[in-house]
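Structure first, commentary second.
The values are calculated or read from the model by the stated rules, or taken from the named source; none is laboratory data. It should be emphasised that the depicted structure is a prediction, and the values quoted were computed from it without experimental measurement. Positions of Cβ are generated from backbone atoms using ideal geometry, with glycine treated the same way; all protein chains shown enter the neighbour counts. These area figures cover heavy atoms from the full protein model, side chains too; ligands, DNA and RNA do not enter into them. Shrake-Rupley method; radii C 1.70, N 1.55, O 1.52, S 1.80 Å.
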Amino acid sequence: MPDYEAVIGLEVHVQLKTRSKIFCGCPTTFGAEPNTSVCPVCLGLPGSLPVLNETALRYSILTGIMLGSTISSFSKFDRKNYFYPDLPKNYQISQYDLPLCVGGELEIEFEGKRKRIGITRVHLEEDAGKLVHAEVEGEDSGVDFNRTGVPLLEIVSEPEISSPEEAFAYLKGLKLTLQYLGVSDCDMEKGSLRCDANVSVRPRGEKLLGVKVEVKNMNSFRAVQKALAYEIERQNRAIAEGQRIVQETRLWEAESEMTHPMRSKEEAHDYRYFPEPDLVPVMVDHALQEVLRASLPEAPLKRRDRLVAQYALPEYDVEVLTSERELADYFEACVTAGAEPKAASNLIMGEMLRLLKERALTLEGCKITPKHIVEILALVSSGAITGTTGKEVFAEMFETGKRPGEIVHSGGLAQISDQAELDRLADEVIAKNTKSVEDYRSGKAKAIGFLVGQVMKATKGKANPQMVNEILKKKLEKDSSKR
Amino acid sequence: MDLIDLTVSEAAQLIRKRETSSHDLVRACLDRIRAVDATVGAFVDVYEKDALSEAHAADNRIAEGGAARALEGVPVAVKDNLCVTGRPVTCSSKILKGFIAPYTATVIERLREAGAILIGRTNMDEFAMGSSTETSCYGLTRNPWDTGRVPGGSSGGSVAAVAAREAPASLGSDTGGSIRQPAALCGVAGLKPTYGYVSRYGLVAFASSLDQIGPIARSVRDIAVLLEIIGGHDPRDSTSVKRPAENLVSSLGGKIENLRIGVPKEYFVEGMDPEVKEAIRAALEKMQSAGATIVDVSLPHTEYAVATYYVIATAEASSNLARYDGVQYGYRAPHPTDLLDMYQRTKSEGFGAEVKRRIMLGTYVLSSGYYDAYYLKAQKVRTLLKKDFEDAFKLCDVIATPASPTAAFKVGEKVADPLQMYLSDIFTISVNLAGVPAISVPCGFTSNTLPIGLQLIGRHFGEGTLLKVAHAYESMTDWHKKQPKV
């Protein structure tokens, strides 16, 4: 049997993060009471008309520019006609033959290597509602139209993805890119990102594509990866057994971890697309494109490369720091404000992310400014406070947003580096801990750690640990030489 | 003078001067409705109580010396496809029975802001699909000139109400002639504005790229008054056009000397009713005598207009009407066994035969494999039809044609023959496809005393000139003053 390779193309739908819906003024908030974020327009009531949300249009163009697409100077909306109760007009306003963005590519990183995946098209459309089925068999089902009319961006890749793992990397890369742009949350759990896959197999080296199968109903990136792995295996096995692959749509079932046929090519819908007469064509002029291009953020992978080169940071640090645009922005703001890059990186990756995660907060609500970061790093590096105190100060700063100097001052947290004071404390500790002193003197060098700890404890961590260490050593050795 | 004979402009003035009251006028219209509407059948709903109380409020405002608005206290009837908050809107279809509009159409808001009072909603062909007002789920509307004949359609109720003096004016909608053809058949004035002149927000769609709301009245001046009020850009309708406001009323009364009136040879074909032909010829002579120049023009693609229209209009309708499925509102077939059964029976039972015919036709022309041959080709012909008008308007300022090939036909005469019915709109359809404005004004009678309508067609957004010519013609004739015997 010849060696077969998989060919995968992904169709990703993301909800755009606009305040209002694509064709009306209803809010796009997630999780509201059923049918409370609705109006005659998104309910498709008789006589209502759509009006395009300008922000949704801008977000779409922004995405297209980021992906290197050609932005159509003339595009239009079309009606996709099909009957389903979650679609109040029984047609979806979408884009058919003249999408907003054509072509482009997404650079992804996969197993340490970079690869460019072609983008076929990016178009704008409206989301449908949600069916709510009764728990009890035989009772009525309901429709929640809150989601109806939320702007959706459909991003279609070329069939250039060659493995389930690469598909996963593509999704991760696309999500990060869209999050950098600030156009979508890309939260698959909330349904703000959905993915269908087209997959076929062919003998390695063959140019022609095999018969493709569309796989739907994956609810996480991992599920996409698993469904593709299953489907490729299924197709390979079928071919090995001499069967032919049929063009069809299959559903992934998470529980059984298998795909099952949903409809064949013959049963495929005839969507009867035609131009939406209620909307005028969309003209994107050069000026708007330039304005949007100027506001474009750096792409995530480009930023990674730059941070490594510019700040001499380890790859690992940079990967963490660039995992969110806001985090990378924050880090660079700290460095710009005067922080030493590696020290800032350590503090952000360590204390900052830990506290944010603990409190389930985002950087947006964080009270610590980059200036605070610079100040606290300076306090620690100058020895004004100890590293231990630093963590304490950081925690208080996180809660209150006060300046670190102010916290140190009002809490009396400055490091104790006074020789006489430390001498006195060392003597006290030596007198009280004869067992440890004996241990040390009998050759257990580690015992000094306990004694240092006792001094730190007595000073609530404020004592200069290096000084304490030296003082104790001197005292213990001096005493033993006396003997 | 009888109050029910007043035009909108006359009524508004008398009310303003307190020579009559809004209450008396509304009362007179309501009495007239009570007296004749059992025969005419123009209204499907009369808002007696609310209209009277609104009239009372209007009279009070005027008594208190408030600045009277253009239509203060004047009653207006509206077609049953315009949404008014709290009122049913059904498009005279069983499938929308029970549906109460939760919002108000822009044109209604504008009428009310001008002080008008809604007196009721009027009968129509189901979903505005028809030329005789015979497909309504509420039954027939009859022509006030001869109750054995149809009023035309689809705005038959709105037009008959005005002709029968039940209301001084009304609003209709025109997708292929639905205002102009019945206006011709009932002897009143009716205008289809330029596509984009009037907001469609709140007009239940038939064919979105062709539908326009327009006024129906007994004088051209009233048409201008009403159009000024309902027209203008509306941010809720993307297809309504942003333009500076026009003063249509004040431009009336000008001379038509040196204006060129084009007569398209394709509109004077064999088989046309000779009485209609003669009335149009006489009208042209009249305008010529007032100084206008008559020029021959050609609209070469006219013969494809009806076919083109029945592809585009049905395609859009098949999609627009898909939403009537029994899920959210309106009629739902009882005890569905499953979703498909609910869809199928709701639509089978809820829609009438003509609507179903058009949905099937529209679905067919959009289907995979047929789209290019029908829908796409029709769009190309539509472009040619638009160009026909652009070319013709290089030679003339206004085009004159008959509004309908015949006067009112008999009830039931064309019901069994859809093609014959479709040909009733042969002179009005091109105008919708081209998006230009056109008006029908009375221009004579047949030997059976049935009204004949003259259609005047204007340039894109050429409402000013169009109304000026129509008004000039009307001033030279008294056809519009004749009253039906009902």
Checklist entry - open to solvent by 40 Å² or more (accessible area, probe 1.4 Å), more than 24 Å from A:M188 (Cβ to Cβ), without any contact (Cβ under 8 Å) to a residue 60 or more places away in the chain and away from chain B (no Cβ under 11 Å): does that describe A:G103? => result no
Checklist outcome for this item: For strands (runs of 3 or more DSSP E) lying entirely in region A:208-266, having 2 or more residues that are buried (at least 17 other Cβ atoms within 10 Å of the Cβ) and in contact with an Asp or Glu (Cβ under 9 Å, 6 or more places away or on another chain) picks out A:213-218, A:248-253
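Only residues that are closer than 16 Å to B:G458 by Cα, of a type in the set (S, T, N, Q) and not in a strand (DSSP E or B): list them for region B:270-310, please. Walk me through how you get there before you give the answer.
Within region B:270-310, the subset closer than 16 Å to B:G458 by Cα is B:284, B:287, B:292-299.
Add one more test, that the residue is of a type in the set (S, T, N, Q), and what stays is B:293, B:298.
B:S298 - this is the single residue of region B:270-310 that is closer than 16 Å to B:G458 by Cα, of a type in the set (S, T, N, Q) and not in a strand (DSSP E or B).
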Checklist entry - For B:V306, which of the numbered conditions (1) within 23 Å of the chain's Cα centre (by Cα); (2) surrounded by 22 or more Cβ atoms within 10 Å (Cβ to Cβ); (3) aliphatic (A, V, I, L, M); (4) away from every other protein chain (no Cβ under 11 Å) fails to hold? => result (2)
Checklist entry - If you check A:E160, A:E109, A:E139, which single one turns out to be open to solvent by 30 Å² or more (accessible area, probe 1.4 Å) and free of Cβ contacts under 8 Å to residues at least 12 places away in the same chain? => result A:E139
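Which one is nearest to the other protein chains (Cβ to nearest Cβ) among residues in region B:75-100 that are surrounded by fewer than 23 Cβ atoms within 10 Å (Cβ to Cβ) and part of a loop (DSSP other than H, G, I, E, B)? Spell out the reasoning first.
The first filter runs over region B:75-100 and keeps only residues surrounded by fewer than 23 Cβ atoms within 10 Å (Cβ to Cβ), leaving B:84-88, B:94, B:97-100.
Cutting the leftovers down to part of a loop (DSSP other than H, G, I, E, B) gives us B:84-87, B:97-99.
Details: B:V84: 10, B:T85: 10, B:G86: 14, B:R87: 12, B:K97: 13, B:G98: 13, B:F99: 7 Å.
Among them, the one singled out is B:F99.
Considering each residue of region A:394-439, count those that are at negative phi and touching a residue at least 24 places away in the same chain (Cβ under 8 Å), and give that number.
Taking region A:394-439 first, the residues at negative phi are A:394-400, A:402-411, A:413-439.
Okay, now just the ones that are also touching a residue at least 24 places away in the same chain (Cβ under 8 Å), so A:394-395, A:397-400, A:403-405, A:408, A:413-417, A:419, A:422-423, A:425-430, A:437.
Within region A:394-439, residues that are at negative phi and touching a residue at least 24 places away in the same chain (Cβ under 8 Å) number 25.
Going residue by residue through region A:356-371, is there one that turns out to be open to solvent by less than 30 Å² (accessible area, probe 1.4 Å), modelled with pLDDT under 95, of a type outside the set (A, V, I, L, M) and under 15 Å from A:V393 (Cβ atoms)?
Of all residues in region A:356-371, those open to solvent by less than 30 Å² (accessible area, probe 1.4 Å) come to A:356, A:363, A:366, A:368.
Next, only the ones that are modelled with pLDDT under 95 stay: A:356, A:363, A:366, A:368.
Filter again for of a type outside the set (A, V, I, L, M), leaving A:366.
Imposing the further condition that a residue be under 15 Å from A:V393 (Cβ atoms) reduces the set to none.
No, there is no match, as no residue in region A:356-371 is open to solvent by less than 30 Å² (accessible area, probe 1.4 Å), modelled with pLDDT under 95, of a type outside the set (A, V, I, L, M) and under 15 Å from A:V393 (Cβ atoms).
Suppose we keep only residues that are surrounded by fewer than 24 Cβ atoms within 10 Å (Cβ to Cβ) and under 17 Å from B:F127 (Cβ atoms) within region B:323-339. Which one would you say is farthest from the other protein chains (Cβ to nearest Cβ)? Walk me through it before giving the result.
Taking region B:323-339 and keeping what is surrounded by fewer than 24 Cβ atoms within 10 Å (Cβ to Cβ), we get B:323, B:326-339.
Filter again for under 17 Å from B:F127 (Cβ atoms), leaving B:323, B:326, B:329-331.
Working: B:R323: 5, B:G326: 10, B:Y329: 7, B:G330: 8, B:Y331: 13 Å.
Applying the filter and picking the extreme gives B:Y331.
Of everything in region A:385-404, what is open to solvent by less than 20 Å² (accessible area, probe 1.4 Å) and of a type outside the set (S, T, N, Q)? Give them in sequence order.
Step one: of region A:385-404, the residues open to solvent by less than 20 Å² (accessible area, probe 1.4 Å) are A:385-386, A:389-390, A:393-394, A:397-398, A:404.
Within region A:385-404, A:I385, A:G390, A:V393, A:F394, A:M397, A:F398, A:P404 qualify.
State yes or no: is A:K357 under 29 Å from the mean Cα position of the chain (by Cα), within 18 Å of A:G453 (Cβ to Cβ) and not in a loop (DSSP other than H, G, I, E, B)?
Working: under 29 Å from the mean Cα position of the chain (by Cα): yes; within 18 Å of A:G453 (Cβ to Cβ): no; not in a loop (DSSP other than H, G, I, E, B): yes.
So A:K357 fails the test.
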Item to check | Every pair of residues 6+ apart whose Cβ atoms lie under 6 Å, when the first sits in region B:141-153 and is of a type in the set (F, W, Y) while the second is part of a loop (DSSP other than H, G, I, E, B) and at pLDDT 95 or above | outcome: B:W145/B:L450; B:W145/B:P484
Checklist entry - Do you know which of the residues in region B:119-157 that are polar (S, T, N, Q) and open to solvent by 10 Å² or more (accessible area, probe 1.4 Å) is nearest to B:K79 (Cα to Cα)? => result B:S136
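Pick out the one residue from B:T346, B:T401 that is closer than 30 Å to B:K468 by Cα and open to solvent by less than 10 Å² (accessible area, probe 1.4 Å). Even if it seems obvious, please write down each step before you answer.
Numbers: B:T346 fails: closer than 30 Å to B:K468 by Cα.
One residue alone meets the criteria, B:T401.
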Checklist entry - Can you name the number of the only condition in (1) closer than 30 Å to A:Y4 by Cβ; (2) part of a helix (DSSP H, G or I); (3) hydrophobic (A, V, I, L, M, F, W, C); (4) open to solvent by less than 10 Å² (accessible area, probe 1.4 Å) that A:F168 fails? => result (4)
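Residue-wise test of (1) open to solvent by less than 20 Å² (accessible area, probe 1.4 Å); (2) outside any loop (DSSP other than H, G, I, E, B).
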residue	(1), (2)
A:K17	no, no
A:G25	no, no
A:C42	yes, no
A:P50	yes, no
A:A56	yes, yes
A:Y59	no, yes
A:L98	no, no
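Could you please give the count of residues in region A:267-298 that are open to solvent by less than 80 Å² (accessible area, probe 1.4 Å) and either within 14 Å of chain B (Cβ to nearest Cβ) or in a loop (DSSP other than H, G, I, E, B) (or both)? Break it down into steps so the answer makes sense when it comes.
If we filter region A:267-298 for residues that are open to solvent by less than 80 Å² (accessible area, probe 1.4 Å), which is where we start, we get A:268, A:270-282, A:284, A:287-290, A:292, A:295-298.
Then keep just the ones that are either within 14 Å of chain B (Cβ to nearest Cβ) or in a loop (DSSP other than H, G, I, E, B) (or both); that gives A:268, A:270-282, A:284, A:295-298.
Qualifying residue count for the region: 19.
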Checklist entry - How about region A:37-63: which of its residues are closer than 15 Å to A:Q15 by Cα and small (G, A, S)? => result A:A56, A:S60
Next on the checklist: Need the failing condition index for A:T29 against (1) at pLDDT 95 or above; (2) within 30 Å of the chain's Cα centre (by Cα); (3) open to solvent by 20 Å² or more (accessible area, probe 1.4 Å); (4) not small (G, A, S), just the number.
Outcome noted: (1)
Next on the checklist: Quick check on B:T106: is it more than 14 Å from chain A (Cβ to nearest Cβ), under 19 Å from the mean Cα position of the chain (by Cα) and buried (at least 22 other Cβ atoms within 10 Å of the Cβ)?
Outcome noted: no
Item to check | Of the criteria (1) touching a residue at least 24 places away in the same chain (Cβ under 8 Å); (2) within 8 Å of chain A (Cβ to nearest Cβ), which one B:L299 fails | outcome: (2)
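This table checks each residue for (1) among the polar types (S, T, N, Q); (2) within 20 Å of A:R121 (Cα to Cα); (3) at pLDDT 95 or above; (4) more than 30 Å from the chain's Cα centre (by Cα).
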| position | (1), (2), (3), (4) |
| --- | --- |
| A:L10 | no, yes, yes, no |
| A:R19 | no, no, yes, no |
| A:G44 | no, no, yes, yes |
| A:T55 | yes, yes, yes, no |
| A:R58 | no, yes, yes, no |
| A:G68 | no, yes, yes, no |
| A:R79 | no, yes, yes, yes |
| A:K89 | no, no, yes, yes |
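Please find, among A:A344, A:A333, A:A337, the residue that is of a type in the set (G, A, S) and surrounded by fewer than 16 Cβ atoms within 10 Å (Cβ to Cβ). Working first, answer last.
Details: A:A344 fails: surrounded by fewer than 16 Cβ atoms within 10 Å (Cβ to Cβ); A:A333 fails: surrounded by fewer than 16 Cβ atoms within 10 Å (Cβ to Cβ).
Just a single option satisfies the conditions, and that option is A:A337.
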Checklist outcome for this item: If we ask which residues in region B:349-373 are away from chain A (no Cβ under 11 Å) and open to solvent by 30 Å² or more (accessible area, probe 1.4 Å), their number turns out to be 9
